[in-house]
Each structure stands twice: as structure tokens, then as C-alpha cells.
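> Pasting a structure here, questions to come.
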Amino acid sequence: MPRYYFHVRDDISAQDEEGLELPDLAAARETALEAARDMCCADIKQGWLDLDCRIDVTDEKGETLLSITFGQAFEVRGGRR
């Protein structure tokens, strides 16, 4: 199974040194989306959210296969009063 690495890019970049073995890029995309949603929730609890933060998914060669911004991780509904 291929190994994918999930690097967080925000005001401080965090390199994923271990990665995860996943069946395919679709599974890696879902993993990145779930991680972005978890991080968004933590940020919101702190009272802020930066939708430009992202997770870059790379392969074992270090090539970027996809990027997920926090803004792509969810849909905003409502907000009108």
C-alpha cells in the first residue's frame, strides 16, 4: 500500500514525518479532509478560524499530490439573522 504524508501549512508549517499507508489517493483526500475539519474545530474553540490554512498531501518521493484548504473542508450554511 502506498504511504501518504500530510503536511500542515499555516502560520507554522508542520511536516508529517511518519505518514499513513492508505489504499489510494481518494482515501488520502478523505483523511486530509477529516484532519482539516478536526483542526478547524480546535481553532473555532479558540475563537478564530483561518480558511487559508491547508494540508498538502505528498507521496513517498515528496511530490505534492493534492492540497486541501480549511475552506474546502466544509460548507458554511446560514449566518443570516
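The values are calculated or read from the model by the stated rules, or taken from the named source; none is laboratory data. Remember, predicted model here, so these are calculated numbers, not experimental data. Every residue, glycine among them, receives a Cβ derived from its backbone with ideal geometry; neighbour counts consider all protein chains shown.
> So which pairs qualify, if the first residue must be in the range 28-43 and closer than 9 Å to A73 by Cβ and in contact (Cβ under 8 Å) with a residue 12 or more places away in the chain, the second must be buried (at least 17 other Cβ atoms within 10 Å of the Cβ) and among the aromatic types (F, W, Y), the Cβ gap must be under 8 Å, and the two must be at least 6 apart or on different chains?
Listed pairs, sorted by first residue: A32/F6; A35/F6; A36/F70; M39/F70; C40/F70.
> To continue, here is another question. Return the pairs, sorted by first residue and then second, in which the second residue is of a type outside the set (D, E, K, R) and assigned to a loop (DSSP other than H, G, I, E, B), the first residue lies in the range 1-22 and is in contact (Cβ under 8 Å) with a residue 12 or more places away in the chain and under 14 Å from F70 (Cα atoms), the beta carbons are less than 6 Å apart, and the residues are 6+ apart or on different chains.
Listed pairs, sorted by first residue: H7/Q15; D10/C53.
> Take the range 2-54 and flag every residue that is at pLDDT below 95, in a loop (DSSP other than H, G, I, E, B) and aliphatic (A, V, I, L, M).
Within the range 2-54, I12, L49, L51 meet the criteria.
> May I pose another question? List every residue pair whose Cβ atoms lie under 9 Å apart, where the two residues are 6 or more positions apart in sequence or sit on different chains, the first residue falls within the range 52-67 and is on the phi < 0 side of the Ramachandran plot, and the second residue, located anywhere, is of a type in the set (A, V, I, L, M) and in a loop (DSSP other than H, G, I, E, B).
Cβ pairs passing all conditions: I55/A73.
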